[in-house]
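Participant: Handing you a structure now.
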Amino acid sequence: MIDRSAEWIASAAGGRLVGGEASEPGPRRAVVDSREAGDGDLFVGLRGENEDGGRFAATALAAGAWGAIVSPEHAGALEASGRPAIAAADPLAALQSLALEWRRELAAPVVGITGSTGKTSTKDILAALLRSRWPGTHANRENLNTEIGLPLTILAAERGTEALVLEMAMRGAGQIAELTAIAEPDVGLIVNVGPVHLELLGTVERVAAAKAELIRDLRPGSACVVPANEPLLAPHLRDDLDTVTFGEGGDVRLVSLHDGEARIDARGTEVTLELPYSEAHNVLNTVAAVAAATALGVVPGGPVAVSFSSLRGEIVDLGGGVTVVNDCYNANPMSMHAALEHLAGTPAERRIAVLGTMAELGRDGERFHREIGRHADELGVDVLVTVGESALPFGDDFDGEKHAVASPEEARAILEELARPGDRVLIKGSRSAGLERVVGAA
């Protein structure tokens, strides 16, 4: 609950209270979808390309919403409701301003996480590590990591929150800076930099510069956590930050991994963790999370009780002795390489890769797809199924058994024909490919 008055909320949002009692106790959280609004929720009517959410404020109030933030032209219609009605020239800016003020009210340490791949899993792991010491650690739910999702995440944090772990997503320049201004992180973690969002940014160097907005905008004395020996980030490092490097040759590094026990050297302190996963990329994500935790003064240890966000490496029993790795939330060349390598290293009768397009790669997209197909061939993947026309180049340099289908539903059908007992199937592609329907059709 945002335990401040309606008057405080209006002021924090940079708006004007035009309805309801100024002393009304605050809402439990904020929502931007009137269909999700329920008892005690603050509805924020955002303007979209085709619709103004303020039009649905009355519906949200009728569903029990605490009150609403809307543009001035919609505020008058809410005055008679008796609920707090806040008029704001730009409801999105109001939502962000309110989130910033609530973040300051909470006075809890904040970690901001970005990266080209693995940032959600790293967020999940770090939250688990911090909860071993601070049970009141709050983190983004699923993919609430945008200029809308991040403030909603902050406003869902309760008074007494002990730490905030905030994932930050971007597609273009300036977006990480916008999120950093809302979150005011004490620790900024960049998991990695790679060829993503090239359609807008053009080069990996520009991707690095966009991610490095997090470093640029940290307050002096904050901690900056980055991969060791990453030349793309080197020009963006600052002398007035406590810079912690992770990975091979870094300040925080993996010493050994045996039977799920990871020993990590964290700036001279030994950390021993029991991991419920073994994928190389998630082990490295764990090292990054340990680096961020130690930057906050937390030395974790013991079992890592992590619950990963959905569609990220979920293990699904397809029936008939077939195991599916459902990793279809998103994809880029880095995450595709990692997922295929884990598939190749896992015992199975045969290994089948069902791959959809990697989006937003710009003019070199076809080349990246061919390279991934070649890598799958070199790793010994037994069967390749490409889904959709834009995924066809995966098959150009793949010499094994391959099939091309037009839709996730067709991929499901052919998988039912192809898969045999003991097979392991990787399903991976960008969100736009809709590959969750390959398993969801079951």
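Throughout, read-outs are computed from the coordinates displayed, never taken from laboratory work. These figures come from a predicted structure and were not determined experimentally. Reconstructed Cβ throughout: ideal geometry from the backbone, glycine too, with neighbour counts over all protein chains shown.
Participant: Hey, what did the chain get for relative contact order, percent, Cα under 8 Å, at least 6 apart?
Facilitator: So the answer I get is 11 percent.
Participant: Using the Karplus equation 6.51 cos²θ - 1.76 cosθ + 1.60 (θ = phi - 60°), what ³J(HN,Hα) coupling, rounded to whole Hz, does each residue of the stretch 175-187 give in order, writing x for Gly and Pro?
Facilitator: After applying 6.51 cos²θ - 1.76 cosθ + 1.60, I find 6, 5, 4, 4, 6, 5, 5, 7, 8, 6, x, 8, 10 Hz.
Participant: Restricting things to alpha carbons, tell me how big the stretch 314-440 is in terms of Rg and Dmax, in Å.
Facilitator: For the stretch 314-440, the Cα radius of gyration and maximum Cα-Cα distance read 12.8, 42 Å.
Participant: Against the longest principal axis of the chain, how steep is helix 280-295, in degrees 0 to 90 to the nearest 10, with axes from Cα atoms?
Facilitator: That works out to roughly 40 degrees.
Participant: Which peptide among 296-307, 341-352 comes first, and what is the full order, when sorted by highest mean count of other Cβ atoms within 10 Å?
Facilitator: 341-352, 296-307
Participant: While we're looking at this one, here's another question. Quick check on the stretch 107-303: what does the Kirkwood estimate of hydrodynamic radius come out to from the alpha carbon pairs, in Å?
Facilitator: That comes to 16.5 Å for the stretch 107-303.
Participant: Quickly estimate the mean residue ellipticity at 222 nm for the chain, helices only: each DSSP H run with n ≥ 4 gives -39500 (n - 2.57), and the total goes over all residues, rounded to 500.
Facilitator: One gets -9000 deg cm²/dmol as the mean residue ellipticity at 222 nm.
Participant: While we're looking at this one, here's another question. List the residues whose amide H sits under 5 Å from the amide H of Ile113, counting only those 5 or more places along or on another chain, with H placed 1.01 Å from N in the peptide plane.
Facilitator: Under 5 Å from the amide H of Ile113: Leu166, Glu167, Met168, Leu189.
Participant: For Val385, which sequence-distant residues (separation of 5 or more, or a different chain) have an amide H within less than 5 Å of its own amide H, given hydrogens modelled in the peptide plane?
Facilitator: Amide H neighbours of Val385: Ala353, Val354, Leu355, His403.
Participant: Do you know the relative contact order of the stretch 314-440, to the nearest whole percent, from alpha carbon pairs under 8 angstrom that are 6+ apart?
Facilitator: 39 percent
Participant: Using the crude model of +1 on Lys and Arg Cβ and -1 on Asp and Glu Cβ, and no other charge, please compute the dipole size for the chain relative to its Cα centre, in debye to 20.
Facilitator: 580 debye
Participant: Another question, if that's okay. Suppose a student asked you for the relative contact order of the stretch 107-303, using Cα pairs under 8 Å spaced at least 6 residues apart; what percent would you report?
Facilitator: The normalised contact order for the stretch 107-303 reaches 22 percent.
Participant: In the chain, what percentage of the DSSP-assigned beta bridges are antiparallel, given to the nearest 5?
Facilitator: The antiparallel proportion sits near 30 percent.
Participant: In what sequence do Met334, Met168, Met1 fall when counting other Cβ within 10 Å, fewest first?
Facilitator: In order of increasing Cβ crowding within 10 Å: Met1, Met334, Met168.
Participant: Order these by the 10 Å Cβ neighbour count, fewest first: His369, His281.
Facilitator: Lowest count first: His281, His369.
Participant: Still on this model: Amide H of Gly19: which non-local residues (sequence gap of 5 or more, or other chain) have their own amide H closer than 5 Å, using H built in the peptide plane?
Facilitator: Ala85
Participant: When a footprinting reagent is the concern and you count Cβ atoms within 10 Å, what order do Val18, Val191 take, fewest first?
Facilitator: Val18, Val191
Participant: Please give the contour-minus-distance gain from Glu7 to Leu237: 0.36 nm per residue of separation, less the Cα-Cα distance, rounded to one decimal in nm.
Facilitator: Length gained, Glu7 through Leu237: 78.7 nm.
Participant: At 37 °C and 0.692 mPa s, what whole-number value in µm²/s does Stokes-Einstein give for the translational diffusion of the stretch 375-422, with Rh from the Kirkwood sum over Cα pairs?
Facilitator: Answer, rounded: 292 µm²/s.
Participant: Compute and list, largest first, the equivalent-ellipsoid semi-axes of the chain from the alpha carbon gyration tensor, each √(5λ) rounded to a whole angstrom.
Facilitator: Rounded to whole Å, the semi-axes are 39, 28, 20.
Participant: How large is ³J(HN,Hα), in whole Hz, for each residue of the stretch 50-64 in order, when computed from phi with the Karplus curve 6.51 cos²θ - 1.76 cosθ + 1.60 and θ = phi - 60°, using x for Gly and Pro?
Facilitator: 10, 8, 10, x, x, 5, 9, 4, 4, 5, 5, 5, 5, 7, x
Participant: On to the next question. With θ set to phi - 60°, apply the Karplus curve 6.51 cos²θ - 1.76 cosθ + 1.60 along the stretch 247-257 and write out the HN-Hα couplings as whole Hz, x wherever there is a Gly or Pro.
Facilitator: Computed from phi, the couplings for the stretch 247-257 are x, 4, x, x, 5, 10, 8, 6, 8, 7, 9 Hz.
Participant: Hey, could you grab the Kirkwood Rh for the stretch 272-364? Inverse mean 1/r over distinct alpha carbon pairs, Å, one decimal.
Facilitator: One decimal place: 15.5 Å for the Kirkwood radius.
Participant: So if R0 is 60 Å, what FRET efficiency would Glu349 and Glu21 give, r being the distance between their Cβ atoms, rounded to the nearest 0.05?
Facilitator: 0.35
Participant: May I pose another question? Give the value in nm², to one decimal: projected area of the alpha carbon convex hull of the stretch 6-94, averaged over all directions.
Facilitator: Taking the Cα atoms of the stretch 6-94, their convex hull projects to 4.8 nm² on average.
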